[in-house]
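To start, the structure itself, in structure tokens.
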Amino acid sequence: MHNPKDTSCAAVMARKNEILLAASGIDFAKFESGSIAFDYEGMLRSTGYTFDEVRRVQALCGVGNTPLLELRNISALARKLAPVGMGARIFIKDEAANPSGSFKDRRAATAVYHAKRAGFSGVLAATSGNYGAAVASQAARQGLKCIVVQECYDSRRMGQPEILEKARKCEAYGAEVLQCTVGPELFYIALRLLEDTGYFSASLYSPFGVTGVETLGYELVQQCMELAGRMPDAVVCTHAGGGNITGTGRGLLRANCNAQLIGASVNLSGLHMASDGAFNRKSFTTGHTGFGIPFATWPDRSDVPRSGARSLRYMDRYVTVNQGEVFYMTELLASLEGLERGPAGNTSLAAAFHIAQSMPEDAILVVQETEYTGAGKHPLPQLSFARQNGIGLRLGDPAEEVPGESIILPEHPSLVRARDVDIVKMRTSLLRNALQYAKQEPTEVDIAFLAEDTKTSAEWVRETLRALTVERNK
């Protein structure tokens, strides 16, 4: 259908709220305060589905109730490397058991169910991978059409094996996949298509996407109680755009669990995610610092006006692991536990392996998700692609790895390490970004909101804002 409206990038982005209101039924503007703060909980409730209704919908769609598995052999190896009496029991929530093979089915199920109920003929998602497959899978179950817009290639039209594998997965479920080169056009194209097709916007960052993950946090607590007779002491989540750790954190709180919530990302420092030259010099398409840090420190950079994924509200600690360590843990999980799984969940597993060594041996550490593996997700094609792009590969100490230049596989399991990121600095960065966003001096309502957004106190926010104001005025 011909669209008579101005389709320039600036005009389409200016109509974002209007397009998303038609494509989701959510009027994001009504949650705004006119300043920094907005009604976050009200926005999440705007789906119209209670937590119990989300669980019911997921059950109808074949999603959830995935097994929690104790990794006894990996736990035993961690204990051999730990001081006497240390080495927590490591459990893993096997989300690969979901229909499309990842926890993203939880984010897609309610959104696609709602699209069907609301009379939409199709759904659209902008994503590099697993979420697109989840939306396509759920669309197939609901009899809806599906478009996935995927950032796939650099300017040479070269795509990573992992991304191409995800495209194959989406197409297997009947989705139409539009593949873009790296850059800012992804969200622009998605908005244009939503306007042209009238499809439902199944955004990763919408209230539908985030509330769907609450069931995961809640489930793992219930299962931990059943299997071990107690709640977990810590939960490690692979962290990218923030929806995973946000939803899991909310689910833990709903289950009255105060476990330490740890985000884990692959260290890709120095590689800009919007850079054509850097795009194929990384071997991880998600779960890395190129998403983890910018989305944590300013969540509202996505395809919705206000993101439901706000990781610093829930995250207690943030660590990174190196690329070689994740490839190593992928092999370790297969060879020691008989579980061949994809790289996203193995990012948090690599972190958990090291973190467990500093916890008492009767403590419980849960790795919050796994993902399916496939031809392109396997370490060998990813490492071969890295070598083709001039990345040096060798055994050694991953601490010497330089993102974009080398991948170093640990020559001993004691060299797998989780490295802490300064979370206070990240919280300060969020406040700095909020000051840039604000059109007026922060109000008391803003300060209370920012205290929640950073999991701190109003006093800390005031002190930090004062210091940032002095810094800005120098």
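Derivation of every value follows stated rules applied to the coordinates shown; laboratory data play no part. Worth saying up front: this structure is predicted, and the values here are computed from it rather than measured. A quick note on method: Cβ atoms are made from the backbone with ideal geometry, for glycine too, and the neighbour counts reach across all protein chains shown.
Quick check on packing: order 189-198, 64-73 by the mean number of other C-beta atoms within 10 Å, highest mean leading. Present the calculation step by step, with values, prior to reporting the outcome.
Working: 189-198: 19.9, 64-73: 17.5.
Taking the mean over residues of other Cβ atoms within 10 Å, the ranking is 189-198, 64-73.
Multiply the residue separation of E411 and D6 by 0.36 nm, subtract the distance between their alpha-carbon atoms, and state the gained length in nm to one decimal.
On the way: separation 405, 0.36 × 405 = 145.80 nm, distance 5.70 nm.
Value of the extension gain: 140.1 nm.
State, to one decimal in nm, how far the label point of K425 lies from the label point of E452, with both points 7 Å from Cα in the Cβ direction.
For K425 paired with E452, the spin-label model returns 2.9 nm.
List the relative contact order of the chain as a percent without decimals, with contacts defined as Cα pairs under 8 Å and 6+ residues apart.
Numbers: 1015 pairs, mean separation 87.1, N = 474.
It comes to 18 percent, rounded to a whole number.
Helix-derived [θ] at 222 nm for the chain: sum -39500 (n - 2.57) over DSSP H runs of at least 4, divide by residue count, nearest 500? Spell out each step's value before the answer.
On the way: 20 runs with 218 residues, N = 474.
When only DSSP H runs of four or more count, the value is -14000 deg cm²/dmol.
Want the number for V402 to R466: 0.36 nm per residue separation, take away the alpha-carbon distance, what's left?
Here the segment from V402 to R466 would lengthen by 19.4 nm.
Using the Cα atoms of the range 149-223 to build a convex hull, what is its mean projected area in square nanometres? Can you show the working numbers first?
Values: hull surface 27.7 nm².
Seen from a random direction, the Cα hull of the range 149-223 projects 6.9 nm² on average.
Rounded, prolate or oblate: which one fits the range 185-325, using the alpha carbon gyration tensor with axes a ≥ b ≥ c (rounded when a/c is under 1.5, else prolate when a/b beats b/c, else oblate)?
Details: a/c = 2.49, a/b = 1.35, b/c = 1.85.
In terms of gyration-tensor shape, oblate.
Net charge near L144: determine it from the other residues with C-beta under 14 Å of the C-beta of L144, scoring Lys and Arg +1 and Asp and Glu -1.
On the way: positive: K116, R117, R141, K145; negative: E176.
My count for the surroundings of L144 gives +3.
Using 1/(1 + (r/R0)^6) with R0 = 22 angstrom and r between the beta carbons of D300 and L253, what's the FRET efficiency to the nearest 0.05?
Working: r = 22 Å, r/R0 = 1.02.
It comes to 0.45.
To check you understand DSSP bridge types, tell me what percent of the beta bridges within the chain (both residues inside) are antiparallel, rounded to 5.
Numbers: 8 of 44 bridges.
Of those bridges, close to 20 percent are antiparallel.
For K116, give me every one of the lysines with a C-alpha distance below 18 angstrom, ignoring sequence neighbours fewer than eight places off in its own chain.
Answer for K116, where 18 Å is the Cα cut-off: K145, listed by chain and number.
For the range 418-432, what does the Karplus curve 6.51 cos²θ - 1.76 cosθ + 1.60, with θ = phi - 60°, yield as ³J(HN,Hα) per residue in whole Hz, taken in order and with x for Gly and Pro?
After applying 6.51 cos²θ - 1.76 cosθ + 1.60, I find 9, 10, 6, 9, 5, 6, 5, 4, 5, 4, 5, 5, 4, 5, 4 Hz.
Taking K16 as the anchor, which aspartates and glutamates have their alpha carbon closer than 16 Å to its alpha carbon, excluding any fewer than eight residues away along the same chain?
Filter leaves D6, D27, E32, E185, E195, D196, D300, D303.
When the Kirkwood radius is taken over all Cα pairs of the range 3-146, what Stokes-Einstein diffusion coefficient follows at 4 °C and 1.567 mPa s, in µm²/s? Before the final figure, lay out the partial values.
Values: Rh = 18.4 Å.
The calculation lands on 70 µm²/s.
When the C-alpha atoms of the range 1-52 are aligned to their principal axes, what extent does each axis show, in angstrom, from largest down?
In descending order, the Cα extents are 41, 29, 13 Å.
With 27 Å as the cut-off, how large is the P(r) tail for the range 266-413, expressed as percent of Cα-Cα pairs? Don't skip to the end; give the middle numbers.
Numbers: 2675 of 10878 pairs.
I get 25 percent for the Cα pairs in the range 266-413 exceeding 27 Å.
Equivalent-ellipsoid semi-axes (√(5λ), Cα gyration tensor) for the chain, whole Å, largest first? Walk me through the intermediate numbers first.
Working: eigenvalues 205, 139, 114 Å².
Gyration-tensor ellipsoid for the chain: 32, 26, 24 Å.
Are there GluC sites (Glu not before Pro) in the range 337-395 that DSSP marks as loop and that have at most 11 other Cβ atoms within 10 Å, and which are they?
Numbers: sites: E337, E340, E361, E369, E371; in loops: E340, E361, E369, E371.
Qualifying residues, ordered by number: none.
Going 7 Å from the Cα of A76 in the Cα-to-Cβ direction, what parts of the range 84-101 have a backbone nitrogen less than 12 Å from that spot?
Under 12 Å, as judged by backbone N against the label point of A76, lies no residue of the range 84-101.
Along Cα→Cβ, 7 Å out, is where each label goes; now give me the distance between the ones at Y437 and T50 in nm to one decimal.
Going from the Y437 label point to the T50 one covers 3.1 nm.
Would you mind listing how long the range 334-474 runs along its three principal axes, going by Cα atoms, in whole Å with the largest first?
That works out to 55, 44, 27 Å along the principal axes.
Please report the spacing between the Cα centers of the range 362-414 and the range 221-286 in Å, no decimals.
Value for the Cα centre distance between the two parts: 18 Å.
Could you calculate the contour length gain from Q388 to A172, that is, 0.36 nm times the residue separation minus the distance between their Cα atoms, to one decimal place in nm?
Numbers: separation 216, 0.36 × 216 = 77.76 nm, distance 2.78 nm.
The Q388-A172 span can extend by a further 75.0 nm.
So what's the projected area for the range 83-184, the Cα convex hull averaged over all directions, in nm²?
Details: hull surface 38.1 nm².
Across all orientations, the range 83-184 yields a mean hull projection of 9.5 nm².
For the range 378-468, state which trypsin sites (Lys or Arg not before Pro) are in a DSSP loop and have at most 16 other beta carbons lying within 10 Å of their beta carbon.
Values: sites: R387, R394, R417, R419, K425, R427, R432, K439, K455, R462, R466; in loops: R417, K439, K455.
Here the trypsin sites (Lys or Arg not before Pro) that fit, given the DSSP loop and packing criteria, are K439.
Of K439/K474; K93/K377; K30/K93; K5/K169, which sit over 27 Å apart, Cα to Cα? Before the final figure, lay out the partial values.
Working: K439/K474 20 Å; K93/K377 19 Å; K30/K93 37 Å; K5/K169 34 Å.
Checking Cα-Cα distances, K30/K93; K5/K169 exceed 27 Å.
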